[in-house]
């Protein structure tokens, strides 16, 4: 059965790591909205040029354009057997847009994997990541702000998916492989 998954959770919870392990396990690509944006910008696609105009002005790329970029990616050949979407949707309007895309593509969502961890754990993980990767944008203040934005804007979307019976909540603290196996076990129960 094709897996079409959303992976959600606050920054630093391990979404990227778990998405990569799930992608390998199921033989499907991970689609990170950040990667899609970088691809379109680097290759100067029409969508990338539109996004660049907003970025150059220091503005957020509007939902309509983000939705178009995601829809374009979900229509590509390599995702016919499934995908893992990381970083989208981030708002209620994006949930509606994704619902419409999946209906049009006749590719229903399988499940939403929500990773969670205590805020102090997330702050510590991102502080370590900033040191290892030399990320100047990962100051304690910036990290706290991003966690606040997630809690306010994206976390409420989990309720939408819970009401639909699609939410799998996973503790993002522990051994990486144990967390991954727990997710796979929960997904396999649904198949």
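Here is how the numbers come out for the structure above:
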| quantity | calculated |
| --- | --- |
| Computed FRET value (nearest 0.05) for residue 53 with residue 2, which takes r as the C-beta separation and R₀ as 25 Å | 0.10 |
| Most mobile listed residue (80, 50, 11) in the chain, GNM with C-alpha springs under 10 Å | 50 |
| Estimated 222 nm signal from helices in the chain, with DSSP H stretches of n ≥ 4 weighted -39500 (n - 2.57), rounded to 500 | -17000 deg cm²/dmol |
| For 26, 88, 39, order by how many other beta-carbon atoms lie within 10 Å, fewest first | 39, 26, 88 |
| Distance in nm between pseudo-label sites at residue 118 and residue 145 (7 Å out along the Cβ direction from Cα) | 2.7 nm |
| Quotient of C-alpha Rg and 2.2 N^0.38 Å, computed over the chain | 1.02 |
| The range 1-111: mean projected area of Cα convex hull, nm² | 7.2 nm² |
| Per-selection Kirkwood Rh - the range 52-150 (Cα, Å, 1 d.p.) | 16.2 Å |
| Backbone N within the range 155-181 under 18 Å of label point (7 Å from residue 24 Cα along the Cβ vector) | 174-181 |
| Ranking of 17, 107 by count of other Cβ atoms within 10 Å, fewest first | 17, 107 |
| Residue among 117, 53, 23 with the largest mean-square fluctuation in a Gaussian network model of the chain, springs linking Cα atoms under 10 Å | 53 |
| Alpha-carbon centroid distance for the pair the range 1-47 / the range 82-149, whole angstrom | 10 Å |
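Every number here is computed from the coordinates shown, using simple stated rules; none is lab data. All of these numbers come straight from a predicted model, not from anything done at the bench. When we count neighbours, we look across all protein chains shown, and the Cβ atoms used for this are built from the backbone with ideal geometry, even at glycine.
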